[in-house]
Amino acid sequence: MIDLEKQDYIHYRVGKAFETLEAAKVLIEKGFWNSSVNRLYYACFYAINALLINHNITAKTHTTVKSQFSLHFIKTGILDKRFGTLYSDLFDWRQKGDYNDFFDLEEQAVLSLVEPVEELLVKIKILLSSPAEAGQVVL
């Protein structure tokens, strides 16, 4: 039996992830590089959070989301390790961009993140729509 409230929340989070990706693209068009990375990070965060919830994995902090994602989806080979690196880098850059003075990301670095973030969101959406057998390498 599917828990409708849980599924509604997961659906909401995935929608929020794609909406936030679009917001990042708008910020990129305006040249707001640090703000763009913030939105790219949150796009991933929302999607990863939905994935964790779908698998009944509790994560109450950003650091815990990162570690649980790595433990359950990267180290198991369900998702390629480049997505673990991507999320970890976004986590660090978002922190620096939001809280450090004199830290400014450069255009090319930010532009190179959009496609992999979009790819990760699509792969998570696929995982959420057709769960794999335990231990099976999927994406």
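Mind listing just one residue for me: the one in segment 50-88 that is among the charged types (D, E, K, R) and in contact (Cβ under 8 Å) with a residue 12 or more places away in the chain and, of those, surrounded by the fewest Cβ atoms within 10 Å (Cβ to Cβ)?
Among residues in segment 50-88 that are among the charged types (D, E, K, R) and in contact (Cβ under 8 Å) with a residue 12 or more places away in the chain, the one surrounded by the fewest Cβ atoms within 10 Å (Cβ to Cβ) is 82.
Is there any pair linking a residue in segment 1-23 that is farther than 22 Å from residue 119 by Cα to one that is aliphatic (A, V, I, L, M) and assigned to a helix (DSSP H, G or I), with Cβ under 8 Å and at least six apart or on different chains, and which?
6/53
Enumerate the helices (runs of 4 or more DSSP H) found wholly within segment 1-74, keeping only those where 3 or more residues are of a type in the set (A, V, I, L, M, F, W, C).
4-30, 33-54
So in segment 1-29, with the set limited to residues that are modelled with pLDDT of 95 or more and farther than 18 Å from residue 46 by Cα, which one is surrounded by the most Cβ atoms within 10 Å (Cβ to Cβ)?
Checked segment 1-29; the qualifying residue surrounded by the most Cβ atoms within 10 Å (Cβ to Cβ) is 28.
Quick grid of which residues meet (1) of a type in the set (A, V, I, L, M, F, W, C); (2) touching a Pro at 6+ places or on another chain (Cβ under 9 Å):
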{"residue": "66", "(1), (2)": "no, no"}
{"residue": "82", "(1), (2)": "no, yes"}
{"residue": "103", "(1), (2)": "yes, no"}
{"residue": "117", "(1), (2)": "yes, no"}
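Which of the residues belonging to segment 76-107 are part of a loop (DSSP other than H, G, I, E, B), farther than 19 Å from residue 126 by Cα and out of contact with any helix residue (DSSP H, G or I) (no Cβ under 7 Å at 6 or more places or on another chain)?
Hits for segment 76-107 are 100, 101, 102.
Return the total of residues in segment 32-49 being touching a helix residue (DSSP H, G or I) at 6+ places or on another chain (Cβ under 7 Å), of a type outside the set (A, V, I, L, M) and either surrounded by fewer than 19 Cβ atoms within 10 Å (Cβ to Cβ) or within 20 Å of residue 74 (Cβ to Cβ) (or both).
The first filter runs over segment 32-49 and keeps only residues touching a helix residue (DSSP H, G or I) at 6+ places or on another chain (Cβ under 7 Å), leaving 33-49.
Checking which are of a type outside the set (A, V, I, L, M) leaves us with 33-36, 38-39, 41-42, 44-46, 49.
Applying the additional criterion that residues be either surrounded by fewer than 19 Cβ atoms within 10 Å (Cβ to Cβ) or within 20 Å of residue 74 (Cβ to Cβ) (or both) yields 34, 41-42, 44-46, 49.
So the count comes out to 7.
Does segment 43-71 hold any residues that are at pLDDT 95 or above and among the basic types (Lys, Arg), and which are they?
Listed by number, the list holds a single entry, 66.
The values are calculated or read from the model by the stated rules, or taken from the named source; none is laboratory data. As the structure is a computational prediction, the values presented were derived from the model and not from experiment. Note that we place each Cβ from the backbone using ideal geometry, even for glycine, and neighbour counts take in every protein chain shown.
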